[in-house]
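Below is one structure, written out as structure tokens; comments come after it.
The values are calculated or read from the model by the stated rules, or taken from the named source; none is laboratory data. What you are looking at is a predicted structure, and each value in this text was computed from that prediction instead of being measured. Positions of Cβ are backbone-derived with ideal geometry, glycine not excepted, and every protein chain shown enters the neighbour counts. Surface areas here come from the heavy atoms of the whole protein model, side chains and all, with no ligands, DNA or RNA. Shrake-Rupley method; radii C 1.70, N 1.55, O 1.52, S 1.80 Å.
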Amino acid sequence: MRLSALLALASKVTLPPHYRYGMSRPGSLADKRKNPPGTRRRPVAVEPISDEDWHLFCGDRVEVLEGKDAGKQGKVVQVIRQRNWVVVEGLNTHFRYIRQTKDDRGTMVPSEAPLLHNQVKLVDPVDRKSTEVEWRFNEAGERVRVSTRSGRIIPKPEFPRADGIIPETWIDGPKDTSVEDALKRTYVPRLKTLEEEVMEAMGIQETRRHRKVYWY
């Protein structure tokens, strides 16, 4: 198993059976405020959609079908599969106050509210209009999204991570650790303490002897 997979298992948060997903990451401070321990919130009915049928991903360009921003297009910046939600950059926004205190009302900032998957449609790259899509297999046997109106393939976007890195297009630099160096075994476990290893490396001979100790 890869080290990244082990770290992901260690950082996985155990959620209660009636946990309600929201905009905040599970286990974060904002999420704990909305889902405090010991409380049981009313479950929310969510339309079951399998991973094979889901067709919206971060970086997709979509068009909003409902609400005050109907007809506008934007980029998907967040997908919450547990609630069938997508967040479109700069659309369906509302204003909220942050850093509120007794003496200061805080700062008003815009925040994007989530949209259901059926409230947006993918944009066809041919005519820049919303279209229905379906999954098909191309000549190479890969499963791709195809526009039902134009027949054009809509590839999955290469959405960067939070640090701005796209793994598929990353090129190692002079300061990056190579795979060979990362997999090289440089430590051999031994049944010796740190002091004994240092003394052996420096050629120090221990001539002292422990005094006998009697336990009664």
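Somewhere in the range 90-111, is a residue under 19 Å from the mean Cα position of the chain (by Cα) and under 14 Å from residue 61 (Cα atoms)? No: the range 90-111 contains no residue that is under 19 Å from the mean Cα position of the chain (by Cα) and under 14 Å from residue 61 (Cα atoms).
Listed by position, the strands (runs of 3 or more DSSP E) contained in the range 8-115 that have at least 1 residues being touching an Asp or Glu at 6+ places or on another chain (Cβ under 7 Å), within 30 Å of residue 136 (Cα to Cα) and of a type in the set (Gly, Ala, Ser) are 73-80.
Residues that are buried (at least 19 other Cβ atoms within 10 Å of the Cβ) and outside any strand (DSSP E or B) within the range 123-137 comprise just one, 124.
I need the full set of residues from the range 71-83 which are open to solvent by less than 90 Å² (accessible area, probe 1.4 Å) and either touching a Leu at 6+ places or on another chain (Cβ under 9 Å) or more than 26 Å from residue 161 (Cα to Cα) (or both), in order please. 71, 73, 74, 76, 79, 83 - these are the residues of the range 71-83 that are open to solvent by less than 90 Å² (accessible area, probe 1.4 Å) and either touching a Leu at 6+ places or on another chain (Cβ under 9 Å) or more than 26 Å from residue 161 (Cα to Cα) (or both).
Name the one entry in 109, 46 that is in contact (Cβ under 8 Å) with a residue 12 or more places away in the chain, surrounded by fewer than 17 Cβ atoms within 10 Å (Cβ to Cβ) and within 19 Å of residue 21 (Cα to Cα). So the residue among 109, 46 that is in contact (Cβ under 8 Å) with a residue 12 or more places away in the chain, surrounded by fewer than 17 Cβ atoms within 10 Å (Cβ to Cβ) and within 19 Å of residue 21 (Cα to Cα) is 46.
Considering each residue of the range 128-140 in turn, at least one proves to be without any contact (Cβ under 8 Å) to a residue 12 or more places away in the chain and within 28 Å of the chain's Cα centre (by Cα). Somewhere in the range 84-98, is a residue more than 20 Å from residue 145 (Cα to Cα), among the aliphatic types (A, V, I, L, M) and exposed (fewer than 15 other Cβ atoms within 10 Å of the Cβ)? Taking every residue of the range 84-98 in turn, at least one turns out to be more than 20 Å from residue 145 (Cα to Cα), among the aliphatic types (A, V, I, L, M) and exposed (fewer than 15 other Cβ atoms within 10 Å of the Cβ).
Restricting the range 15-33 to residues that are farther than 20 Å from residue 77 by Cα and either touching a Leu at 6+ places or on another chain (Cβ under 8 Å) or of a type in the set (D, E, K, R) (or both), the residue that is most open to solvent (accessible area, probe 1.4 Å) is 33. Kindly indicate whether any position in the range 158-172 is more than 30 Å from residue 78 (Cα to Cα), loosely packed, with under 10 Cβ neighbours inside 10 Å and among the hydroxyl-bearing types (Ser, Thr, Tyr). The answer is no; no qualifying residue exists. Could you grab me the full set of residues in the range 173-192 that are acidic (Asp, Glu) and open to solvent by 70 Å² or more (accessible area, probe 1.4 Å)? If the condition is that a residue be acidic (Asp, Glu) and open to solvent by 70 Å² or more (accessible area, probe 1.4 Å), then 180, 181 are the ones that fit. Filtering the range 142-157 down to residues that are open to solvent by 50 Å² or more (accessible area, probe 1.4 Å) and without any contact (Cβ under 8 Å) to a residue 60 or more places away in the chain, which residue is nearest to the chain's Cα centre (by Cα)? Here the residue is 155.
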